[in-house]
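Please read the structure below before turning to the comments.
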Amino acid sequence: MANTGGGIIVYGVAETEKAATSRVDAGELTERHERALRAVAASAISPPVFGLNIYRLGSDDSRAVVVEVPASVDVPHLIYVNQYFGAPMRNDADTTWMKERELEAMYRARFEGRLNAAHALDSLYGEALCQVDVAQHAWLIAVARPVTPAALQNLDEETASLAFVRAHLEAERIMTSDAYHPLSEVKMLNPRPGLRRWIANGSNRYGSVQDHTTASIHRDGSIALATIVGDERVTVGFDRHQWQVLSADIESAVADVVALANAAAADAGTREYDVRIGITGDGVHPLTIVASDPRGKYTDPGVAPVLQFIPVETTMDVLKDTDGLRENARTLAKDCVNQGGVSELIVLKSQAPRRR
């Protein structure tokens, strides 16, 4: 099923000559059974099939189990038996085996899909970058796009608003200490329409035409976030300039990116996202990343100028619980702040989140 666009397996149906005839009790789906199903998909198939959705239906003596197999961009998936392998594919109610030319076409589709995905991520990032003025401040630009194409056909204003609100709340759960984060200032309940997307603008701190933060959710399940991370706020211990970035601000923005991707993925019915996060300035002044607490208090004098920030890229599962999302955010944030010589995370500590 993964080789042919995904599918659904239903346990608890009697059939005669490949036609469903009645319901039967599938029995209890224990945690051990669920782990076994996921383990088979991950270990007995190459490349592994991740992201199974498993549902329990019914009760008492009419229980059923539904296993949803997602579409995959890693086709063909192979099954190995000793030194032999084969690539099964679903044909109506039967399983057939791919021939050489079918395998060739599948591999070509995989490589072309990866190339197209890279181009799409480049385009999404470049589009977000073009919307900001980097001449006056350092900006953090982040985009995320579903690995498997999705479509939010019913992405109206209300759906987008609810997604922004869910992302805002999840970001605060991801963070382990109180901190400003970009989604806390955008107009979540009043997004404006854009080109196949909804955009939530933030406050205008500087009296110019440029908003401090912009977040968007796109109809294909993609998300984007752009926020100023270099400004002239006076902090305890030193005066900041527009090319000096607090590590806590980076961590908070990364938490928002992960939470926003989580909200979009839940609506789009997908879970794996390609993510890119960059920090950019005017290209003349080097950036510095300063370790600081969430209140902007200077904590580490050792800063290394960042002549060119290397965008951080990864592919991650964004439909996790809060702890899993926090680990995603920690990995991304470390790759960001490490480029400025900062080693410790402050807003995204690996501890249980504070109670609110």
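Could you please let me know if Thr214 is open to solvent by 10 Å² or more (accessible area, probe 1.4 Å), closer than 22 Å to Ile277 by Cα and either at pLDDT 90 or above or of a type in the set (Val, Ile, Thr) (or both)? Considered against the rule, which asks whether it is open to solvent by 10 Å² or more (accessible area, probe 1.4 Å), closer than 22 Å to Ile277 by Cα and either at pLDDT 90 or above or of a type in the set (Val, Ile, Thr) (or both), Thr214 comes out as yes.
Here Thr21 passes the criteria (1) surrounded by 11 or more Cβ atoms within 10 Å (Cβ to Cβ); (2) out of contact with any Ser or Thr (no Cβ under 9 Å at 6 or more places or on another chain); (3) polar (S, T, N, Q) except the one numbered (1).
Is it the case, given these coordinates, that Ala179 is open to solvent by less than 40 Å² (accessible area, probe 1.4 Å) and either modelled with pLDDT under 90 or of a type in the set (Ser, Thr, Tyr) (or both)? Break it down stepwise before answering.
Numbers: open to solvent by less than 40 Å² (accessible area, probe 1.4 Å): yes; either modelled with pLDDT under 90 or of a type in the set (Ser, Thr, Tyr) (or both): yes.
Yes, satisfied.
Annotation: of all residues in segment 164-176 being surrounded by 20 or more Cβ atoms within 10 Å (Cβ to Cβ) and β-branched (Val, Ile, Thr), the one that is farthest from the chain's Cα centre (by Cα) is Thr176. Taken over segment 43-94, the criterion of being in contact with a helix residue (DSSP H, G or I) (Cβ under 8 Å, 6 or more places away or on another chain) and among the charged types (D, E, K, R) is satisfied by Asp74, Arg90. Right, Ser72: hydroxyl-bearing (Ser, Thr, Tyr) and open to solvent by less than 60 Å² (accessible area, probe 1.4 Å) or not? In short, yes. In segment 307-350, of all residues being under 12 Å from the mean Cα position of the chain (by Cα) and aliphatic (A, V, I, L, M), the one that is most open to solvent (accessible area, probe 1.4 Å) corresponds to Leu319.
For segment 98-128, which positions are open to solvent by less than 40 Å² (accessible area, probe 1.4 Å) and either part of a loop (DSSP other than H, G, I, E, B) or within 30 Å of His285 (Cβ to Cβ) (or both)?
Answer for segment 98-128, where residues must be open to solvent by less than 40 Å² (accessible area, probe 1.4 Å) and either part of a loop (DSSP other than H, G, I, E, B) or within 30 Å of His285 (Cβ to Cβ) (or both): Met98, Leu121, Leu124, Tyr125, Gly126, Ala128.
Residues of segment 24-48 that are open to solvent by 80 Å² or more (accessible area, probe 1.4 Å) and either farther than 21 Å from Met89 by Cα or β-branched (Val, Ile, Thr) (or both): Glu28, Glu31, Arg32, Arg35, Val40. Per the conditions (1) modelled with pLDDT under 80; (2) within 21 Å of the chain's Cα centre (by Cα), the sole criterion not satisfied by Arg196 is (1).
Looking across segment 129-163, the residues that are surrounded by fewer than 22 Cβ atoms within 10 Å (Cβ to Cβ) and in contact with a Leu (Cβ under 8 Å, 6 or more places away or on another chain) come down to Thr159, Ser161.
Residues that are hydroxyl-bearing (Ser, Thr, Tyr) and in a helix (DSSP H, G or I) within segment 1-58 comprise Thr4, Ser43, listed in sequence order. Residues of segment 52-84 that are farther than 20 Å from Arg271 by Cα and of a type in the set (Asp, Glu): Asp60, Asp61.
Screening Val209 against (1) at pLDDT 90 or above; (2) of a type in the set (A, V, I, L, M, F, W, C); (3) surrounded by fewer than 19 Cβ atoms within 10 Å (Cβ to Cβ); (4) assigned to a loop (DSSP other than H, G, I, E, B) leaves a single unmet condition, (1).
The values are calculated or read from the model by the stated rules, or taken from the named source; none is laboratory data. These numbers come from a predicted model, not from an experiment. In this analysis, Cβ positions are derived from the backbone assuming ideal geometry, glycine residues included, and neighbour counts consider all displayed protein chains. SASA here: full protein model, heavy atoms, side chains in, ligands and nucleic acids out. Shrake-Rupley method; radii C 1.70, N 1.55, O 1.52, S 1.80 Å.
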